């Protein structure tokens with residue numbers, strides 16, 4: 001009897017595992033494992049969400065025109081070159097689905113977002129992992145990995161879980177050297193936390209094979225709603241829209257996203273808090289002898305002397321009701337990724353690590 005067989009690549013997928021969110025027996029858990037905004041969404045966005053809920057019986061717009069217009073207005077972009085998705089993850093999926101398949105290759109870097117190989121396998125393509133150098137994307141190694149089968153290159157910038165950033169000049173050199181038929185995706189989920197970095201806007205504006213993506217899940221505090229967007233050449237966006245589900249975003253998502261992006265005062269306040277507490281946590285870790293790079297995201301990658309030490313620190317933090325992210329799957333068995341919280345949250349983390357170090 002014939003067996004039911006999935007498409008090529010499906011059985012190669014390792015299921016994505018999200019950050020831990022609970023500790024048995026604790027009701028004072030501080031979750032710092034998923035890079036969530038400690039201030040939550042803008043109050044204006046919450047008001048819009050509640051108001052939109054009364055229209056939940058109505059189908060949403062299929063073109064996301066009002067949300068795209070708001071994004072375009074705030075960022076100075078052409079709304080006709082913007083596509084919206086269920087988180088930026090869905091936009092990344094559109095790229096793989098539209099431009100890669102069996103026999104093709106999709107390049108990602110060693111410590112990039114763990115969804116990249118999953119998305120490649122979903123399309124039946126082969127993911128190609130390229131090493132980084134000192135936890136930073138290496139342009140020359142990426143270029144050396146390109147073959148005649150390469151269709152897409154994913155660059156996480158700022159990186160996750162590293163927090164490091166590839167300067168604009170290096171990005172320009174990469175894009176200039178990539179063949180024109182290869183799409184370069186600049187995944188900028190943490191762009192708003194990187195002061196002075198444009199997230200690839202200039203490159204997406206001028207290069208027909210560059211797509212820039214952003215999310216509402218991080219600085220906008222709307223991870224639970226799943227809203228993201230991409231920006232690129234009109235021809236590229238037209239292709240992606242052909243495989244986008246017409247009602248992929250709900251009336252609630254669209255209303256909350258539009259209100260959130262227009263409340264830039266809230267965004268600036270969240271970025272200010274993050275920068276202050278990120279510097280505070282980075283300094284405290286280094287004083288404790290725990291290595292960490294300067295981060296351009298809303299988290300810090302703490303690198304311990306060994307995997308055993310990282311596990312011991314993680315256990316001590318959990319004993320204090322604090323959940324951070326183990327990142328062995330990202331190539332850092334000796335690392336813990338710690339989301340930046342508010343002043344009290346950061347103080348709690350520092351105090352717990354001090355107690356652990358004193359008792360170690």
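The values are calculated or read from the model by the stated rules, or taken from the named source; none is laboratory data. These figures come from a predicted structure and were not determined experimentally. Cβ: placed from backbone, ideal geometry, glycine included. Neighbour counts: every protein chain shown.
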### Message
Tell me yes or no: at least one residue of segment 288-295 is farther than 25 Å from residue 26 by Cβ and out of contact with any strand residue (DSSP E or B) (no Cβ under 8 Å at 6 or more places or on another chain).
### Response
yes
### Message
Checking residue 63 against (1) under 19 Å from the mean Cα position of the chain (by Cα); (2) more than 21 Å from residue 15 (Cβ to Cβ); (3) surrounded by fewer than 17 Cβ atoms within 10 Å (Cβ to Cβ), only one condition comes out false. Which one?
### Response
(1)
### Task
Inspect all residues belonging to segment 242-250 and state whether any of them is over 20 Å from residue 91 (Cβ atoms) and either without any contact (Cβ under 8 Å) to a residue 24 or more places away in the chain or out of contact with any helix residue (DSSP H, G or I) (no Cβ under 8 Å at 6 or more places or on another chain) (or both).
no
## Note on the structure
Out of (1) surrounded by fewer than 20 Cβ atoms within 10 Å (Cβ to Cβ); (2) part of a loop (DSSP other than H, G, I, E, B), the one residue 354 does not meet is (2)
### Residues of segment 282-323 that turn out to be within 21 Å of residue 34 (Cβ to Cβ) and part of a strand (DSSP E or B), as a count
7
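Considering segment 182-206 alone, what residues qualify as being in contact with a strand residue (DSSP E or B) (Cβ under 7 Å, 6 or more places away or on another chain) and at pLDDT 95 or above?
In the first step, residues of segment 182-206 are kept if they are in contact with a strand residue (DSSP E or B) (Cβ under 7 Å, 6 or more places away or on another chain); the result is 182-189, 191, 199-201, 203-204.
Within segment 182-206, 182, 183, 184, 185, 186, 187, 188, 189, 191, 203, 204 qualify.
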